[in-house]
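Only one structure is covered here, and it is reproduced in the block below.
The values are calculated or read from the model by the stated rules, or taken from the named source; none is laboratory data. This structure is a prediction, so every number in the text was calculated from the model and none was measured. FYI the Cβ positions are ideal-geometry reconstructions off the backbone, even for glycines, and counts take in every protein chain you see. To get the accessible areas, we keep the full protein, side chains included, count just its heavy atoms, and leave off ligands, DNA and RNA. Shrake-Rupley method; radii C 1.70, N 1.55, O 1.52, S 1.80 Å.
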Amino acid sequence: LKRIRTFAHVPLDRRLQTAAVLKWVFCFLALGKSPCCIVLFIYLLFTRFWLVCVLYATWWFVDWDTPSRGGRKSPFLCRLPLWNYMRDYFPIQLVKTAELDPRHNYILGFHPHGVLVTGAFANFCTQATGFGQLFPGLESYLLMLPLWFRAPFFRDYIMCAGLIPSDKDSASYLLRREGGGNAVVIVVGGALEALDAHPGAHTLLLANKKGFIKLAMEHGASLVPVYSFGENEVFDQVPNPHGTWLRWIQEHLQSIMGISLPLFHARGVFQYSFGLVPYRKPIATVVGKPIRVKKNQKPSAEELDAVHQLYMDELAQLFEEHKGKYGISEDTHLIFQ
């Protein structure tokens, strides 16, 4: 009864914030990582709406290459008031530290992955935190597992948010565009890094990640380190240190399916003890200064290593300069694996 009374006195804005986040979690868990959209598509084939499925299948065939050609980003969807409620729930903020010239193309390396890359989606797939105002002339695109673009209906939704497949061809298509103005956001640690997304952890899978560096060198795109403070704080995760049976299973499933399966939890909709709704913890995504990269279509191993080391140094410096503002102790440093 006490909980019911407490819920009755929750302000409307907070209820709308929770609803917005719940909708977002549902889309990424239920629609994106499960066969819900496929099941719906097959089900509709055996109903009076079968013609809709036939027409959509025809459209899907014609539109097959669109995700790898810049997608179909919709300014209307990116500016929906829904995302403002999601932003205010945590809250999430985008912090600018340097100018990004819109005459160039950029690769933004986003760290850490977190459980559901909350900061990456809110900052680079919506206009809720003001990306367009902070970096005028730039259009952001977030790379996502190609598997998600094979689900009917869902593929069109995520393309409208500026998501594109995380393969070389998709990123190269944007980085080849003349005139600049494209910011390709890569979650460098990938799905495997989500298994290290524990509160208080600052472990990044970066030491051997050089594909995005090579991509930048091949196209002469500037590299921009991005660190999202608070990304690992919004969910708890079942302990899974290296060497345990749980971590072994998770890593093997990730190698087979391409997606990681962190056993995470947080709060519920009507109670605060357990559920899949993230905690109300602030997230501050800090965009560092650009690293100019000279175009080199066939970089040597030494040249690749040099740029990779420079990127790690700049990322570490970005973390050190800003960690005190977000409650991280002086003796805490990034761990590169």
Open item on the list: Just to be sure I follow: if Rg is taken over the C-alpha atoms of the chain and Rh is the Kirkwood radius over the same atoms, what is Rg/Rh?
Closed with: 0.97
TODO: Mind checking which of His265, Val52, Trp64 is farthest towards the positive end of the chain's charge dipole, using Cβ charges of +1 (Lys, Arg) and -1 (Asp, Glu) about the Cα centre?
DONE: Val52
- [ ] Please give the solvent-accessible surface of Thr58 in Å², to the nearest 10, using a probe radius of 1.4 Å with every protein chain present.
- [x] 80
- [ ] Sequence neighbours fewer than 8 away in the same chain don't count; with that in mind, list the aspartates and glutamates whose C-alpha is under 19 Å from Lys289.
- [x] Glu99, Asp101, Glu139, Asp313, Glu314, Glu320, Glu321
Task: Partner aspartates and glutamates for Lys298 [C-alpha distance under 17 Å; skip if fewer than 8 residues away on the same chain] - done: Asp169, Glu218
- [ ] For an R0 of 45 angstrom, estimate the FRET efficiency from the Cβ-Cβ distance between Leu304 and Tyr56 and round to the nearest 0.05.
- [x] 0.55
- [ ] Let me know the longest stretch in the chain that avoids all GluC sites (Glu not before Pro) found in a DSSP loop with at most 11 other C-beta atoms within 10 Å.
- [x] 179-329
Task: Dipole magnitude (debye, nearest 20) for the stretch 105-198, charges at Cβ of Lys, Arg, Asp, Glu - done: 140
Task: Apportionment of accessible area to carbon and sulfur, the chain, percent (1.4 Å) - done: 62
- [ ] Would you calculate a helix-derived [θ] at 222 nm for the chain, using -39,500 (n - 2.57) for each DSSP H run of n ≥ 4 and dividing by the full residue count, to the nearest 500?
- [x] -11500 deg cm²/dmol
Open item on the list: I'm a student and want to see the number: the projected area of the Cα convex hull of the stretch 2-147, averaged over all directions, in nm².
Closed with: 12.7
Task: Linear extension gain, Glu99 paired with Asn296, 0.36 nm per residue minus alpha-carbon span - done: 68.5 nm
Task: Relative contact order (%) - criterion: Cα under 8 Å, at least six apart; region: the chain - done: 22
TODO: Summarise the long-distance tail of P(r) for the stretch 199-287 by giving the % of C-alpha pairs beyond 20 Å.
DONE: 56
Open item on the list: Taking 37 °C and 0.692 mPa s as the conditions, I'd like the Stokes-Einstein D for the stretch 259-330 in µm²/s, using the Kirkwood hydrodynamic radius from alpha carbon pairs.
Closed with: 200
- [ ] Find the Rg to Rh ratio for the stretch 23-95, where Rh is the Kirkwood radius over alpha-carbon pairs and Rg uses the same atoms.
- [x] 1.08
Open item on the list: Tell me the per residue accessible area of the chain using a 1.4 Å probe; a whole number in Å² is fine.
Closed with: 49
Task: Solvent exposure, largest accessible area first (probe 1.4 Å, DNA, RNA and ligands not counted), of Phe154, Phe46 - done: Phe46, Phe154
TODO: Could you compute the FRET efficiency for Gln317 and Leu192, with r as their C-beta to C-beta distance and R0 at 35 Å, rounded to 0.05?
DONE: 0.90
Open item on the list: Quick check on the stretch 158-306: what does the Kirkwood estimate of hydrodynamic radius come out to from the alpha carbon pairs, in Å?
Closed with: 17.9
